[in-house]
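The values are calculated or read from the model by the stated rules, or taken from the named source; none is laboratory data. Only a predicted model underlies this, so the values are computations on that prediction, with no experimental measurement involved. Using ideal geometry, Cβ is built from the backbone for each residue, glycine included, and neighbour counts are taken over all protein chains shown.
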There are 4 protein chains.
Amino acid sequence: MAEYLYRHDFKVRDYECDMQGIVNNAVYQHYLEHARHECLLHLGINFADLTRQNIHPVVTRVELDYKRPLTSGDAFWVGVNIEQTSRIRFAFLQDVVRTADNKLMLSGRTTGTAINEQGRPEMPQCIIDLLSKAT
Amino acid sequence: MAEYLYRHDFKVRDYECDMQGIVNNAVYQHYLEHARHECLLHLGINFADLTRQNIHPVVTRVELDYKRPLTSGDAFWVGVNIEQTSRIRFAFLQDVVRTADNKLMLSGRTTGTAINEQGRPEMPQCIIDLLSKAT
Amino acid sequence: MAEYLYRHDFKVRDYECDMQGIVNNAVYQHYLEHARHECLLHLGINFADLTRQNIHPVVTRVELDYKRPLTSGDAFWVGVNIEQTSRIRFAFLQDVVRTADNKLMLSGRTTGTAINEQGRPEMPQCIIDLLSKAT
Amino acid sequence: MAEYLYRHDFKVRDYECDMQGIVNNAVYQHYLEHARHECLLHLGINFADLTRQNIHPVVTRVELDYKRPLTSGDAFWVGVNIEQTSRIRFAFLQDVVRTADNKLMLSGRTTGTAINEQGRPEMPQCIIDLLSKAT
């Protein structure tokens, strides 16, 4: 099992399941987003504060590999890692793991940057600091 | 503070907040639903199993009083009580309470029944048992 | 069939249905909210603009009567009326009607006010104007 | 502008926007899913029926490139194409385009297969027929 910068525990809520009786595909992005924000918070970065400071982190690309479906009642956790991918971009690497058997349910890669007050992409200082700590 | 049959802890997730920066009104019904299902589970009733057994609990009426808005980062809990309201109906009385200061954010009343295999409303046995325990 | 100030057409999207194969209860509040905002827009009031002008319409109470469930593929419309309920409160009366047979699926009553810059409830001028037109 | 097998019109609903005032990243997957299901329906394939027939289309991989954010009030459409990517896999290629200026907001690629009654991946006959028509 890989090591993670941060892990966040979840449990499937029934309203997240669709007609197929499994968690709807889009919901995983909500799980990943929440785990990212909790990871940042854990590292001292408040996403809501960033927004209020006019620093807008933006997602530029999402890749999700669906391995197995989560279903009603499943406990799971999301592991989060972060890496720099270019001068102005960084990526969160995230795994969704079912708690009962440690099976990988989904792995995701979310690439982003931040838009500064001039509307230009800019690596936010808090992420630079984070990356230097993460290595 | 009222006594509850069951309490469930939550934390606001950023995707649940809307343009106003507060939890979207509809999301509270998700919180209440999840707290009800967890309450039932805690009392030995699995909502997903009920559906698979062709017993369909249905909500017939929802009343929500919005007192104060939850916002990004808020921890809160939902307290759940249950009462019989007619021969074939029962109601969940639920309060949403902000953890930091115990302020009441929303109170809700969700009335329901269950539809049996013949498509008729019927008080499910598991709820009858529950109500006898709850008193 | 009642007359409405405004009607908005919808079609159920599959992701709105839950494990029971029907539209999840909370989703109706999304339908009602969207129909209200479209109604206001139709009458010249932009909800997003209000938020940007620091006028915050807030919902204080929601009552929903669930009559029949919408399911995958259903076309439906939401009829909207509005009435003043006190010096500082107004209510939207809304019906969700299945297009195929004009059956009433849900009726809702959403009471609200607006919070001004001083943080106090105030009947917004645009709603006062609207109510005088609606009568 | 590319040609599409199918186009579906949408309008952003305010509850789909988050604290940043733009459509939440996960919501695009809902748009894409709904456009796929409407595309299939348009071509004579009912997703809900498939589920009831125990044919379970599953998404195995999603790639989303976020170009520009949709915001409150935006009208947009989703263009859908489909291609076979292996003996048992097919992909939907989808573009989200803002109606006002035909700007590309997001492009997505959703790869899937179907799980048959034996729990094995199998190219569903209806998709095979579709692909032969699409070429």
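All of (1) among the β-branched types (Val, Ile, Thr); (2) crowded, with 19+ Cβ neighbours inside 10 Å; (3) within 14 Å of chain C (Cβ to nearest Cβ) hold for residue D:113 with one exception: (3). The residue that is nearest to the other protein chains (Cβ to nearest Cβ), among those in segment C:20-53 that are under 26 Å from residue D:47 (Cα atoms) and not in a helix (DSSP H, G or I), is C:26. Just so you know, in segment A:1-19 the residues that are closer than 13 Å to residue C:17 by Cα and either free of Cβ contacts under 8 Å to residues at least 24 places away in the same chain or in a helix (DSSP H, G or I) (or both) include one that is farthest from the other protein chains (Cβ to nearest Cβ), and it is A:16. Give me the residue from segment D:16-41 that is acidic (Asp, Glu) and over 17 Å from residue A:37 (Cβ atoms) and, out of that set, surrounded by the fewest Cβ atoms within 10 Å (Cβ to Cβ). The selected residue is D:38.
Restricting attention to segment D:73-99, and to residues there that are at pLDDT below 95 and surrounded by 21 or more Cβ atoms within 10 Å (Cβ to Cβ), which single residue is nearest to the chain's Cα centre (by Cα)? Among them, the one singled out is D:82.
Restricting attention to segment A:1-57, the residues that are of a type in the set (S, T, N, Q) and touching a Phe, Trp or Tyr at 6+ places or on another chain (Cβ under 8 Å) total 2.
A quick yes/no check of all residues on (1) out of contact with any strand residue (DSSP E or B) (no Cβ under 7 Å at 6 or more places or on another chain); (2) without any contact (Cβ under 8 Å) to a residue 40 or more places away in the chain:
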site	(1), (2)
B:75	no, no
B:79	no, no
B:82	no, no
B:96	no, no
B:106	no, no
B:119	yes, yes
B:122	no, yes
B:126	yes, no
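Does residue C:47 meet the test of being under 30 Å from residue C:13 (Cβ atoms), within 13 Å of the chain's Cα centre (by Cα) and without any contact (Cβ under 8 Å) to a residue 40 or more places away in the chain? When the stated conditions are applied, residue C:47 passes them. Restricting attention to segment B:58-71, does a residue exist that is part of a helix (DSSP H, G or I) and at negative phi? No, because not a single residue in segment B:58-71 is part of a helix (DSSP H, G or I) and at negative phi.
Of all residues in segment D:73-91, those satisfying the criterion of being within 14 Å of chain C (Cβ to nearest Cβ) and not in a loop (DSSP other than H, G, I, E, B) are D:75, D:78. Tell me whether segment A:113-127 contains one or more residues that are over 26 Å from residue A:18 (Cα atoms), in contact with a His (Cβ under 8 Å, 6 or more places away or on another chain), at pLDDT below 95 and not in a loop (DSSP other than H, G, I, E, B). Within segment A:113-127 (the criterion being over 26 Å from residue A:18 (Cα atoms), in contact with a His (Cβ under 8 Å, 6 or more places away or on another chain), at pLDDT below 95 and not in a loop (DSSP other than H, G, I, E, B)), the answer is yes, since at least one residue qualifies.
How about segment D:56-72: which of its residues are more than 7 Å from chain A (Cβ to nearest Cβ) and surrounded by 19 or more Cβ atoms within 10 Å (Cβ to Cβ)? Answer for segment D:56-72, where residues must be more than 7 Å from chain A (Cβ to nearest Cβ) and surrounded by 19 or more Cβ atoms within 10 Å (Cβ to Cβ): D:57, D:69, D:70, D:72. Condition check: surrounded by fewer than 21 Cβ atoms within 10 Å (Cβ to Cβ) and either in contact with an Asp or Glu (Cβ under 7 Å, 6 or more places away or on another chain) or within 10 Å of chain A (Cβ to nearest Cβ) (or both). Does residue D:102 satisfy that? Criteria not met by residue D:102.
For residue A:95, the conditions (1) in contact with a Ser or Thr (Cβ under 7 Å, 6 or more places away or on another chain); (2) within 13 Å of chain D (Cβ to nearest Cβ) are fulfilled apart from (2).
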